[in-house]
Amino acid sequence: MTTTTTTGTPQAQPAGRTDVLRASGVTMRFGGLTAVRNVDLDVDSGEIVGLIGPNGAGKTTFFNCLTGLYIPTEGQVAYKGKVLPHRSHLVTKAGIARTFQNIRLFANMTVLENVLVGRHTRTKEGLLSALLRGPGFRKAERGSEERAMELLEFTGLAGKREHLARNLPYGEQRKLEIARALASEPGLLLLDEPTAGMTAGETSATRDLVLAVREQGTAVLVIEHDMRFIFNLCDRVAVLVQGEKLVEGSPEAVQADERVVAAYLGTPFEGEPGEAEAAEVREAETREAAAHDGGQTGTGENPKGEQH
């Protein structure tokens, strides 16, 4: 059986939907090694799109290109028709927020404080205002706290607002990271393996939370290895293999595609890199991520990029 990859002529957009994300020809090279090659991907308003692929497929590298942690070697990324700057905090300010595969909370801050950190791109008070603590600053502070509490209610964490983040159970730490990302009022939320390490009950709760995020008007792009989670959640699914988009379509079409089955079963593709080449890509990504240490991310941290 042969199926048609949807990377050619774009499909007609459903009525009432608009482009939120348009990634065109995104390529990321580390020296002579190509981790992501000529990837096109769109996310429309009201959509949940899944991004899957075997380990080493380049999914997180692609996320890092979308969010300004990496500057793509080629191609561009646009949000609501505007090309994004290559700075992660400016990408967050534009309207894209993300979580990370490895939880990146401020462990010694409270649950509420972690969410308030996510408000930094939506507050206009400067250093002088903070020092003087005038009426404008106090009003903005109250507004941020009210919004943070709304998000804690939304994620079921309001009762733990004063708990230190490090003391939360694993599943609740994942929820807190989502709440912090939502604090920046994104139009697009990127989730990197949000159910990794979760129990079946926690995974089900995460699915409900992602659907609720979409109901509130935020589009979602999610990387995940749990195929049942992805196929029960997403409107569309794209598959990356060796840094290239292999196929994209409905969950049903992707599940039935023999190339996807072959990729997950380990059937070799022509020109497949060996372990030595894959190790070089990982090492190059580690060096690239280290260059961002001391730089600012969308949540005020310095996550290291990893290829998954």
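So here's what we get for this one:
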quantity: Qualifying GluC sites (Glu not before Pro) in segment 159-243, DSSP loop, other Cβ atoms within 10 Å at most 11; calculated: Glu162
quantity: Glu258/Asn55 FRET efficiency (R0 22 Å; Cβ-Cβ; nearest 0.05); calculated: 0.60
quantity: Extended-chain gain in nm, criterion 0.36 nm per residue less alpha-carbon gap, Glu185 and Thr110; calculated: 25.0 nm
quantity: Cα gyration tensor, segment 47-115 - rounded (a/c under 1.5), prolate or oblate; calculated: oblate
quantity: Cα→Cβ-extended label distance, 7 Å offset, between Ala158 and Glu74, nm; calculated: 5.2 nm
quantity: Ascending count of other beta-carbon atoms within 10 Å, so fewest first, for Val36, Val237; calculated: Val237, Val36
quantity: Cross-link pairs Lys93/Lys245; Lys59/Lys160; Lys175/Lys245; Lys80/Lys245 - those with Cα-Cα distance over 24 Å; calculated: Lys93/Lys245; Lys59/Lys160; Lys175/Lys245
quantity: Burial ordering of Cys234, Cys65, fewest other beta-carbon atoms within 10 Å first; calculated: Cys234, Cys65
quantity: Computed E for Glu283/Glu145 - FRET, C-beta separation, R0 41 angstrom, nearest 0.05; calculated: 0.40
quantity: For Ser184, Ser45, order by how many other beta-carbon atoms lie within 10 Å, fewest first; calculated: Ser45, Ser184
quantity: Projected label distance in nm at Thr199 and Leu211, using a 7 Å step from Cα toward the beta-carbon; calculated: 2.1 nm
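Just so you know, all these numbers are worked out from the coordinates, no wet-lab data involved. No experiment lies behind these values; they were computed from the predicted model shown. Don't worry about glycine lacking a Cβ; one is built from the backbone with ideal geometry, like all the others, and counts go over all protein chains shown.
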